[in-house]
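Data first, discussion second: the structure below is written as structure tokens.
The values are calculated or read from the model by the stated rules, or taken from the named source; none is laboratory data. This is a predicted model, so every value here is computed, not measured. To get the accessible areas, we keep the full protein, side chains included, count just its heavy atoms, and leave off ligands, DNA and RNA. Shrake-Rupley method; radii C 1.70, N 1.55, O 1.52, S 1.80 Å.
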Amino acid sequence: MKKQGILNSHISKILADLGHTDSIVVADVGLPIPEGVKKIDLALTLGTPSFEETVNAIAADMQIEKVVIAEEIKTQNSEANAYIQHKFADCEIEDCPHEEFKQLTRKAKAVIRTGEAKPFANIILQAGVYFG
């Protein structure tokens, strides 16, 4: 049995299979999942697991070089935006209109759905290269 890092076997496999510039999405309960993109549904109840705890667990196990967020998060969810700006201060942070964000999710290897029920709590995490 794995004793640390991501225990969810579906997420663990996705992370292990990522190559440079591949991406995954961590999503709130409302983000539509594009047809053909793998959905890993973690949602138990509204708010559980949260966006932040899910992103924290993934970021601890994934080399991230860039993140993409919807620009609407800045005015509609300042708490999540502040968390992202702090958490990913060392990464490139790109923003785009939410409609464009949804189109970008079509290229993701997977969408991980959380129980988060606050607007625009979605992020695309782009894999970097880890040379230890």
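Quick notes on this one:
- Taking the square roots of five times each eigenvalue of the Cα gyration tensor of segment 47-105, the equivalent ellipsoid has semi-axes of 18, 14, 12 Å, listed largest first.
- Taking all protein chains together and a 1.4 Å probe, the residues Phe120, Phe131 rank Phe131, Phe120 from largest to smallest accessible area.
- Accessible area expressed per residue, the chain, with surrounding protein chains retained (probe 1.4 Å, Å²): 56
- Values of log10 I(q)/I(0), in the order q = 0.17, 0.29, 0.33, 0.35 Å⁻¹, for segment 93-132 under a Debye, Cα-only, solvent-free model: -0.57, -1.23, -1.33, -1.35
- A viscosity of 0.890 mPa s and a temperature of 25 °C, combined with the Kirkwood radius over C-alpha pairs in the Stokes-Einstein formula, give segment 15-66 a diffusion coefficient of 196 µm²/s.
- Calculated [θ] (222 nm, deg cm²/dmol) that DSSP helices of n ≥ 4 give over the chain, each run adding -39,500 (n - 2.57): -8000 deg cm²/dmol
- Percent accessible area from carbon and sulfur atoms, segment 9-104, protein chains only, probe 1.4 Å: 47
- Value of relative contact order over the chain, rounded to a whole percent, pairs C-alpha under 8 Å and six or more apart: 48
- Distance violations [Cα-Cα > 29 Å] among Lys3/Lys39; Lys3/Lys74; Lys38/Lys118: Lys3/Lys74
- Among beta bridges identified by DSSP and lying wholly in segment 1-124, the antiparallel ones come to about 25 percent.
- Extension gain, Asp22 back to Glu35 (0.36 nm per residue minus Cα-Cα distance, nm): 2.9 nm
- Max mean-square fluctuation residue, GNM over the chain, Cα-Cα springs under 10 Å, options Thr45, Thr54, Thr105: Thr45
- Per residue Cα convex hull volume in Å³ - calculated over segment 22-132: 92
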